[in-house]
Amino acid sequence: MFRTACQEQLLPGATLQEKWEFAQAAGYDGVELRGKGDFHFRERLPELREAKADGVAMPTVCVDMPHFFAAFDADRRRDALAQMTSQLSVIAELGGAGAQTPASYGMFSRRLPPFTPPRGEEEEREILLSGLTELGEHARAEGVTLFLEPLNRYEDHMVNRLEQAVELIRAVGLDSVRIGIDSYHMNIEEADPAAAIVAAAPYIGHAQVSDSNRFQPGAGHLDWPAWLGALESAGYQGHLALECRLTPHLDPAEAVRSVPPFLARMSGAAPSGAGR
C-alpha cells in the first residue's frame, strides 16, 4: 500500500494547515513542497516550522527555479547549487526525506534545432558529477537525500532515462543521491517503464506521478497497474507525490480528490489516508 502526497500548489487553502486538512480528507499522507529560487524556500521557514508544529506532513520538496545545477552558465550553476544546498537543509529541519531536482529544465534539446549543444559530453559529465557530489555530500551531512529526476528529451538533453541516472549515481558513490522518478517523463523515454523501474530498483528514492498527458493519474493512457506493480516489486517505501496539471473539465478539488482512490484501485489497495 503506497503513501501519497500532493504538491502544495494543487491543494485548496490559504495556509499549509488548510491545505493539509483538505489533503488528509482526500486520502493523502503528505504535502510535497515547492522550492523557489532566491532563497525563497529558506525565507518560508517560520511558516514551515509552524506547519510542522501543527502536524503537517511535508516529506519532500521539489525545485521550482529558473535554472539548475548543470546550467551552461557558471554563475547560474553556482546559484543553483547554493539554492539546492539551502533547500536540503530546510527539508532536513522539517524532518523530511529530501529534495528533488533535474539536472536542467528547458535549457536545451537535441530534438529541436539547433541540434548540437554548446557543451561537449565530457564537460557535461564532469559538471553533472561535480554538482551531484557537492549536493550529495551536503545531503548526507544533513541526513536527507538528493533525488535526481530524469526529464524527457524535450526538456533536458543530459539525463532522460533511469539507466543514465543510475550510471551517474554509481559514479558519485553516495547513498545520499538517488533517483526521483516521474511517471510522465518515463512514459516518453522508457521503452518499458515497468522494466526500467525494476532494473533501477536499488537507486529509486522518490516517485512523482501524473498521467501520460501530464494530467492527474486516470486522465491518460499510462499502464498504472504495471507501473505501480513494478514499484511495489522494487520495494519502494516512499510517497507517490502528485505533480501534474488538472483536467479543465473537472473541478480542481474533485480532480485532486480523485487521485488517491484511483491509485489505490490500480495497485489493489485501499487509500492509506482515507477515512481520517
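Residue check: S89 meets all listed conditions (1) open to solvent by less than 70 Å² (accessible area, probe 1.4 Å); (2) within 24 Å of V209 (Cα to Cα) but one, namely (2). Checking region 9-29 against the condition returns no match, with no residue being at pLDDT 95 or above and closer than 20 Å to L151 by Cα. Checking each residue in region 93-119 for being surrounded by 19 or more Cβ atoms within 10 Å (Cβ to Cβ) and either at pLDDT 95 or above or of a type in the set (S, T, Y) (or both) picks out L94, G96, A97, G98, A99, Q100, T101, P102, A103, S104. Checking region 234-253 against the condition returns no match, with no residue being without any contact (Cβ under 8 Å) to a residue 40 or more places away in the chain, part of a helix (DSSP H, G or I) and open to solvent by 20 Å² or more (accessible area, probe 1.4 Å). Scanning region 201-214 for residues that are in contact with a helix residue (DSSP H, G or I) (Cβ under 9 Å, 6 or more places away or on another chain) and either closer than 20 Å to Q100 by Cβ or buried (at least 19 other Cβ atoms within 10 Å of the Cβ) (or both) gives A201, P202, Y203, I204, A207, Q208, V209, S210, D211, R214. Being open to solvent by less than 40 Å² (accessible area, probe 1.4 Å), within 22 Å of L263 (Cα to Cα) and touching a Ser or Thr at 6+ places or on another chain (Cβ under 6 Å) is the requirement here; does G220 meet it? Considered against the rule, which asks whether it is open to solvent by less than 40 Å² (accessible area, probe 1.4 Å), within 22 Å of L263 (Cα to Cα) and touching a Ser or Thr at 6+ places or on another chain (Cβ under 6 Å), G220 comes out as yes.
Once region 161-187 is narrowed to residues that are outside any helix (DSSP H, G or I) and open to solvent by 20 Å² or more (accessible area, probe 1.4 Å), the residue that is farthest from P202 (Cα to Cα) is R161.
Among the conditions (1) out of contact with any Ser or Thr (no Cβ under 7 Å at 6 or more places or on another chain); (2) of a type in the set (A, V, I, L, M, F, W, C); (3) touching a residue at least 12 places away in the same chain (Cβ under 8 Å); (4) open to solvent by 40 Å² or more (accessible area, probe 1.4 Å), the only one that V198 does not satisfy is (1). Residues of region 247-269 include none that is within 19 Å of the chain's Cα centre (by Cα) and within 21 Å of E155 (Cβ to Cβ).
The values are calculated or read from the model by the stated rules, or taken from the named source; none is laboratory data. No experiment lies behind these values; they were computed from the predicted model shown. Note that each Cβ is placed from the backbone with ideal geometry, even for glycine, and that neighbours are counted across all protein chains shown. Accessible surface areas use protein heavy atoms only, side chains included; no ligands, DNA or RNA. Shrake-Rupley method; radii C 1.70, N 1.55, O 1.52, S 1.80 Å.
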